[in-house]
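Visitor: Take a look at this one; I'll ask things after.
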Amino acid sequence: MHVHVYLSVFSYPSLPKTRSADESAYFPLETILLDCGSSALRALSYDGWNWTNDSSHFGASNSESSFAMSRASSEETSVPDVPYMIARLFHSMFIYAFNVTPGSKFIFHFYPDSYMNVHASKSFLTVTAGNYTLLRNFNAYLNAKHIKSAYFFKEFIVHVENHTPDLTFSPTTNASGGYAFVNGIEIVSMPLILYYQGNNVSAMKTMHRVNVGGQRIPPNEDTGMSRSRAMDSSYIFGEAFGVENYKFDASITYPKEVLAYIAPQGVYETARSIGSVPEININYNLSWTFPLDPSFTYLIRLHLCDISRNIAKTNQRAFDIFINNQVIERGIDIIALTYGNDIPLYRDFTILIPNLIMKHDLWLKLHPNLQRKPQYYDAILNGAEIFKVSNIDGNLAGLNPSLKNESSVDGDEPSFSSSSSRTSTEAILIIIGSFLILVLAISLGVYLVAFLRRRNLEWTKKENTRSSLPYRSFSIDKIKMEIDNFNKENLIDRGAFGLVYKCYIDHGSIAVTINRLIQAIPKQELYIFNVEIRIHHHVRHQNLVQLIGYCKEEHEVILVYESMPNATLFECLHFADQRQ
């Protein structure tokens, strides 16, 4: 799959003048918080914000029959009362009118419950703001199930040029009892230059905003724009979580080129790095995956700030940034760019996700830069933001998520089955079928266990046969026997992983290469060894050397590969004359 990446980076032309984090607050010109459907003039939310009812912002053209209000049928204790327990319902097109300055941000809050005895699964909503389509055929119920949360919000950044933008809400379903709803609306003004550069007339939707290596940062701890940041742990690929860094006594100072309110201090007080073992770091990435909608351009902003106490000079840490396996910046050295610790910078990248049928995962990876030979082979990241950019038609709407046993992705209603509608015959057939499947599964399991035990009896110890790793587990006694107790005569190279030996296994029928780590791995780093084995299991190609097995016994960490009789690709390319 070909992905287009356009790079827009921020650089420091000279020694930056700095400002303290105390100067980082932004004071918005408007903050409008509507508790939609509520009759109360003011209501205090759990995080201390004052919300008002929405009646003062009704459009003049709204008819009395086009809207209603309803309280949620289920009042879960985990769901805040304001603004989620009351909803504004729409039976036809409904308009909200506002008077705001350019550059506003819109946030819509949803709690998909039953309203007026109609389940939220029947609600499909389309929202427009001027010429922009923010949501289309949006089903809050499917989205809540997908993210496994009872309530949620959607955030949009719309470049408002006139002072009276209209928000239009329309139900988009013909089903009986169908409607649209919203629980809360926020409008917060933002600086025009915070994300836009030049005369940009695009709108954006916030897809992901994460605090890397730290805790969730709620809206009331932002720099005045009510932005929330999630933890990054749910986005990390596999088990390679790296190391969480924190420096809560950091004195964050902003250079003159970076807006002091670009992100709160909490983003820069924490970070995530790869680890402290160079031999392992050079073989692994810090990797995150972010689900995105296809056929859109995305703005990716990475927040960087070196808070490590042992790094204060240039070329102590330099790393590469990859997006979807393409290098977008090589050898970034935060200290060289900021001239010191606790000074933030950011990088903006633009990427186009091609037209695909299904949703797409964006891969963000950091890897130590080996060419610059830094003192520490490591990488670090503090925060990330990903925004969907509206297309030429002003559209930002994507598809609803597809859930198991629920049909609808693009406007069709999700299907629900009720146990009470099943007949007794169906129940009997299900019981008989389940019993037959269970018997078959047990029989197959017994056969597979017996087969695997016979096959691996010679090479695998009894305790290792229960390993969850997908390759042969060699005993250290067998390896020592085949390699003559690591005799130097069998040593053929010293690699990045450790010492490399050549020997034969299976009664001399298979030539293999054995990589033996010469330094002990701390217990907390052993998970990375397991990750490498699992990665090898999924990466197979006729031109790539194959992993045969491994050994983890007596403090030994060993990988067994198939042999390369004609030397490595590197040797063939660079030492061909010498080999001849």
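Visitor: Pairs only if they're at least six apart or on different chains, beta carbon under 8 angstrom, first in segment 88-101 and closer than 23 Å to Val118 by Cα, second of a type in the set (Asp, Glu) and not in a loop (DSSP other than H, G, I, E, B); list them, first residue then second.
Guide: Pairs that qualify, where the first residue is closer than 23 Å to Val118 by Cα and the partner is of a type in the set (Asp, Glu) and not in a loop (DSSP other than H, G, I, E, B), are Ile95/Asp166.
Visitor: For His57, all conditions in the list (1) in contact with a strand residue (DSSP E or B) (Cβ under 7 Å, 6 or more places away or on another chain); (2) modelled with pLDDT under 90; (3) surrounded by fewer than 21 Cβ atoms within 10 Å (Cβ to Cβ) hold save one; what is the number of the exception?
Guide: That leaves (2) as the condition not met.
Visitor: Also: Can you confirm whether Ser104 is of a type in the set (Gly, Ala, Ser) and over 25 Å from Ser202 (Cα atoms)?
Guide: No; evaluated as a whole, the condition is false for this residue.
Here is a yes/no grid of residues against (1) on the phi > 0 side of the Ramachandran plot; (2) assigned to a loop (DSSP other than H, G, I, E, B); (3) surrounded by fewer than 17 Cβ atoms within 10 Å (Cβ to Cβ); (4) aliphatic (A, V, I, L, M):
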residue	(1), (2), (3), (4)
Leu302	no, no, no, yes
Ile307	no, yes, no, yes
Phe322	no, no, no, no
Asn341	no, yes, no, no
Asn355	no, yes, yes, no
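Visitor: Run down Ser123, Ser92 and say which single residue is at pLDDT 90 or above and surrounded by fewer than 23 Cβ atoms within 10 Å (Cβ to Cβ).
Guide: Being at pLDDT 90 or above and surrounded by fewer than 23 Cβ atoms within 10 Å (Cβ to Cβ) holds for just one of Ser123, Ser92, which is Ser92.
Visitor: Something else: Ser78 passes all but one of (1) assigned by TED's automatic domain parsing to the domain that holds Val182; (2) in a loop (DSSP other than H, G, I, E, B); (3) modelled with pLDDT under 90; which number fails?
Guide: Ser78 satisfies all of (1) assigned by TED's automatic domain parsing to the domain that holds Val182; (2) in a loop (DSSP other than H, G, I, E, B); (3) modelled with pLDDT under 90 except (3).
Visitor: Listed residues Ser104, Ser123, Ser70; which is touching a residue at least 40 places away in the same chain (Cβ under 8 Å), in contact with a helix residue (DSSP H, G or I) (Cβ under 9 Å, 6 or more places away or on another chain) and not hydrophobic (A, V, I, L, M, F, W, C)?
Guide: Result: Ser123 is the single residue among Ser104, Ser123, Ser70 that is touching a residue at least 40 places away in the same chain (Cβ under 8 Å), in contact with a helix residue (DSSP H, G or I) (Cβ under 9 Å, 6 or more places away or on another chain) and not hydrophobic (A, V, I, L, M, F, W, C).
Visitor: Tell me the residue from Arg309, Arg301 that is modelled with pLDDT under 90, assigned by TED's automatic domain parsing to the domain that holds Ile217, farther than 30 Å from Arg494 by Cα and of a type in the set (D, E, K, R), please.
Guide: From the options Arg309, Arg301, the qualifying one is Arg309.
Visitor: I'd like the residue in segment 471-496 that is at pLDDT 80 or above and among the aromatic types (Phe, Trp, Tyr) and, out of all such residues, is nearest to Val557 (Cα to Cα).
Guide: Ranking the qualifying residues of segment 471-496, first place goes to Phe474.
Visitor: If a residue counts only when it is touching a Ser or Thr at 6+ places or on another chain (Cβ under 9 Å), which strands (runs of 3 or more DSSP E) contained entirely in segment 81-198 have at least 3 such residues?
Guide: 86-90, 94-97, 104-110, 125-129, 132-138, 152-157, 166-171, 184-189
Visitor: If you don't mind, another one. Suppose we filter Tyr132, Tyr111, Tyr151 for residues that are farther than 18 Å from Asp54 by Cα, among the hydroxyl-bearing types (Ser, Thr, Tyr) and either at pLDDT 95 or above or in contact with a Phe, Trp or Tyr (Cβ under 7 Å, 6 or more places away or on another chain) (or both); which single one remains?
Guide: Tyr151
Visitor: For the structure I just gave you, tell me whether Leu370 is buried (at least 18 other Cβ atoms within 10 Å of the Cβ) and assigned by TED's automatic domain parsing to the domain that holds Asn283.
Guide: no
Visitor: Hey, can you tell me all the residues within segment 104-147 that are among the small types (Gly, Ala, Ser) and within 17 Å of His91 (Cα to Cα)?
Guide: Listed by number, the residues that qualify are Ser114, Ala120, Ser121, Ser123, Ala140.
Visitor: Of the residues in segment 269-286, how many are over 15 Å from Ile332 (Cα atoms), at pLDDT 95 or above and hydroxyl-bearing (Ser, Thr, Tyr)?
Guide: Going through segment 269-286 one residue at a time, the tally reaches 1.
Visitor: All but one of (1) at pLDDT 70 or above; (2) loosely packed, with under 10 Cβ neighbours inside 10 Å; (3) farther than 20 Å from Arg494 by Cα hold for His555; which doesn't?
Guide: For His555, the exception is condition (3).
Visitor: Of the conditions (1) under 23 Å from Thr164 (Cβ atoms); (2) surrounded by fewer than 23 Cβ atoms within 10 Å (Cβ to Cβ); (3) touching a strand residue (DSSP E or B) at 6+ places or on another chain (Cβ under 7 Å); (4) not acidic (Asp, Glu), Val82 clears all except one; give me its number.
Guide: (1)
The values are calculated or read from the model by the stated rules, or taken from the named source; none is laboratory data. Keep in mind the model is a prediction, meaning the values are calculated, not measured. Cβ atoms come from the backbone with ideal geometry, glycine included; neighbour counts cover every protein chain shown.
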